[in-house]
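The numbers here are math on the coordinates, done by the rules we state, and not lab data. Everything numeric in this text was worked out from a predicted model, so none of it was measured. Cβ placement follows ideal geometry from the backbone for every residue including glycine, while neighbour counts extend to all protein chains displayed.
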Amino acid sequence: MIQDIAPSRLINRFEHISPSADSAVMFFQKNRLLVCYDEKQRSLSFPRYGDASASAIYLFRIDDRAFFLVSDFSPLPEGYSFLSLQEIRSLPLSGNADIFAVYSAFHLHQWYAASRFCGVCGGRMEHDAVERAMYCPACGAKVYPRINPAVIIGVTNGDRLLLTKYKTGFAHNALVAGFTEFGETLEQTVAREVMEEVGLRVKHIRYYRSQPWGVAADILAGFFCQVDGDDAIRMDASELKYAEWVRREDIVLQPNDYSLTNEMMRLFKENKAESFYLRQEMPF
């Protein structure tokens, strides 16, 4: 998955670090990032702080390499261009560290952009001095990077897996998914989303693995479960354009290995998902 960057490591704790001339900077224009793709090395290059003309916000480190966010960059360095996150996701890369840095930076970029003014009194927010937070000097309110909990659900029916395709946006096979609502456990989210999207009841809900997904500021929790009773699909056509039971040998995976969804589909395709049904069932 996208966060699998070993032996490298993301160091996301808040630190007081000043950029050096060679520090990597992330410069976004809406949903596009200024990068340079090396086709031969299959890697991304990011502009250097020494070429920027704006102040920088420290984001994180990957190993010893620090990344900073800038709001302006002029003039644009030669060989660099703006690519959307979808375009970057489609590039063949030799490892996950570059794209994980991009997604993590985009998460913080969106949060900083949305946190300029206080949601309590409307005052202008400032950067907190001791932690990654925005602070309102007028009323004392403090906000932290927003993280949205959501579930990815592998619904199984014998040797078949329920595959979906979204009505708009991502064009490849996916699984039932949705956001957790207030007062709701993750397991309750699983049962509700499956009922809402495809009209099925489920049982034996089992947690698999989680994933940060910075492009949407999500923390994704993956679950496998089994259909309970009637397996006739009643698809929500307002959200999905496709929902079908697919035999494991016929499952077509996504074109890269970044997502938790694709890993769960691969696990079922390779007949390795059933072991999760042996765990003790979690009450909800």
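Before moving on, here are some points about what is shown:
- Near the amide H of Ser23, within less than 5 Å, lie the amide hydrogens of Tyr49, Gly50, all on another chain or at least 5 residues away, with H placed in the peptide plane.
- Cross-link partners of Lys30 among lysines (Cα-Cα below 29 Å; sequence separation of 8 or more within a chain): Lys40, Lys142, Lys165, Lys167, Lys241
- Separation of the Asn256 and Leu10 label points, Cα + 7 Å toward Cβ, nm: 1.4
- The chain, relative contact order [Cα under 8 Å, separation at least 6], %: 16
- Cβ-Cβ FRET estimate between Ala21 and Glu78, R0 fixed at 30 Å, reported to 0.05: 0.95
- Estimated at 0.36 nm per residue, the fully extended path between His204 and Arg266 surpasses their Cα-Cα distance by 20.3 nm.
- Label reach from Ser55 (point 7 Å along Cα→C-beta): in the stretch 61-88, amide nitrogens under 19 Å belong to 67-74.
- Neighbour-count ranking [beta-carbon atoms within 10 angstrom, fewest first] of Thr156, Thr261, Thr164: Thr156, Thr164, Thr261
- With both labels modelled 7 Å from their Cα along Cα-to-Cβ, the Ile147 to Asp236 distance reads 2.5 nm.
- Computing FRET efficiency as 1/(1 + (r/R0)^6) for Glu181 and Ala133, where r is the C-beta to C-beta distance and R0 is 41 Å, gives about 0.95.
- Label point distance in nm, Lys167-Ala216, each placed 7 Å from Cα along Cα→Cβ: 1.5
- Chain lengthening between Arg116 and Lys40 when straightened (0.36 nm per residue, less Cα-Cα): 23.3 nm
- Assuming charge only on the beta carbon of Lys and Arg (+1) and of Asp and Glu (-1), the dipole of the chain about its Cα centre is about 160 debye to the nearest 20.
- Using C-alpha pairs below 8 Å separated by at least 6 residues, the relative contact order for the stretch 162-284 is 29 percent.
- Under the shape rule built on the C-alpha gyration tensor, where the axes satisfy a ≥ b ≥ c, the stretch 162-219 is oblate, since a/c reaches at least 1.5 while a/b does not exceed b/c.
- Unpaired Cys in the chain, meaning no second Cys C-beta under 4.7 Å: Cys36, Cys225.
- Nonlocal amide H pairs with Phe14, under 5 Å, H built at 1.01 Å: Arg132
- For the chain, the mean residue ellipticity at 222 nm estimated from helices alone is -5000 deg cm²/dmol, where every DSSP H run of n ≥ 4 contributes -39500 (n - 2.57) and the total is divided by all residues, rounded to the nearest 500.
- Taking a ≥ b ≥ c as the square roots of the Cα gyration tensor eigenvalues, the stretch 148-278 comes out rounded, since a/c falls below 1.5.
- The angle separating the long axis of helix 260-269 from the principal Cα axis of greatest extent in the chain is about 30 degrees.
- By the count of neighbouring beta-carbon atoms within 10 Å, fewest first, Cys139, Cys118 end up ordered Cys139, Cys118.
- Between the Cα long axis of helix 186-198 and the first principal axis of the chain there is an angle of about 70°, rounded to the nearest 10.
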